[in-house]
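This report refers to the structure that appears directly beneath it.
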């Protein structure tokens, strides 16, 4: 018999007058896992997190922590802690007092608070800073103190509401690794809210993609990236070129469309199969497109075209070329291989592009 999940949501719904912020969301999070809820602003993810925390109650559905329903249970009675985007550290208190605040509220004796604060600071890699002031810490140190303040309470579930949003880019990249390491160190269930796909992909065991109050797909980072369930997931998770046109043919799993610019493109169909004559969309990742500087022979396959370089966007290993189709004028982004073969690529150059239809995904338009 499987262990009871740390968190279960069953057809959870939240209505605000005529607006449905969360619409029958169901999922569970196993103990000790890192679960992210990824979606654009306004999709309902923060409302969902606030219901888990107890700051709002659902209109309908059930929410269980360790198998016990939390409906009607206030936030101070739930075995959860929450890290907010702006951390909410108290500037009038030193670090030890900040971390021990929740324990003092619970009536824990002073000596035990001192012991537990010291222990948790060691676990987050900041031993001996109890007497420092908040303003003496770096952004990354403040982040770890905010987590320590939650973890000292030994919650069953730690909720994180876009906690890296206020950090600069380099520190944010560093803290992704830190957060994943801390989650493994504490072996606590993390539920992480973000609109940043990179954060979710790097840190999570499983990710739910939320759109208009519902979960479009739940899966691993690889599932979402390589096998998106629908067009929204394909376009939202990772970078992708999108082409739309009329379905010209369907050969097994391979769908051919004719774009408005008159270009024939091919992609692999998912469970939602387009119909001949209907509109469809093809999504292809920039790194799935092969480039050549020389004109290929006659065996050059499907999705092959001659293109002109519109611009080259240098970003180290993530450099891109924007290519324009010589016939239709349609553009696409292509990841530049790190072989050095395209270091001299410039605006106006002619290149040849191709991708395997099996590496693209095709969905009915409007799906």
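A short reminder: the numbers here are calculations on the coordinates, not readings from a lab. This structure is a prediction, so every number in the text was calculated from the model and none was measured. Cβ atoms come from the backbone with ideal geometry, glycine included; neighbour counts cover every protein chain shown.
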Based on the alpha carbon coordinates of the stretch 239-364, what radius of gyration and maximum Cα-Cα distance (Dmax) apply, in Å?
14.6, 43
Could you tell me how far the Cα centroid of the stretch 128-202 sits from the Cα centroid of the stretch 208-267, in Å?
33
Using every alpha carbon pair in the stretch 99-222, what percent of pairs falls into each 5 Å bin from 0 up to the bin containing the largest distance?
2, 9, 20, 21, 19, 13, 8, 5, 3, 0
What Rg and what Dmax come out for the stretch 7-232 when only alpha-carbon atoms are used, in angstroms?
17.6, 56
Beta bridges per DSSP with both ends in the stretch 7-232, % antiparallel, nearest 5:
55
Please arrange 244, 275 by how many other C-beta atoms lie within 10 Å of their C-beta, fewest to most.
275, 244
For helix 95-105, report the angle its Cα long axis makes with the longest principal axis of the Cα atoms of the chain; keep it between 0 and 90° and round to the nearest 10°.
70
Mean ellipticity per residue at 222 nm, deg cm²/dmol - from DSSP H runs of n ≥ 4 across the chain, formula -39500 (n - 2.57):
-7000 deg cm²/dmol
Can you give the angle from 0 to 90° between the axis of helix 139-151 and the longest principal axis of the chain, with both taken from C-alpha atoms, to the nearest 10?
60
Among 101, 19, 84, which one shows the biggest mean-square fluctuation in a GNM of the chain, springs joining Cα atoms closer than 10 Å?
19
Ranked on Cβ counts within 10 Å of their own Cβ, fewest leading, 8, 154 go 154, 8
Can you sort 307, 268 by how many other beta carbons sit within 10 Å, fewest first?
268, 307
State the volume of the convex hull built on the alpha-carbon positions of the stretch 30-164, expressed per residue in Å³ and rounded to an integer.
130
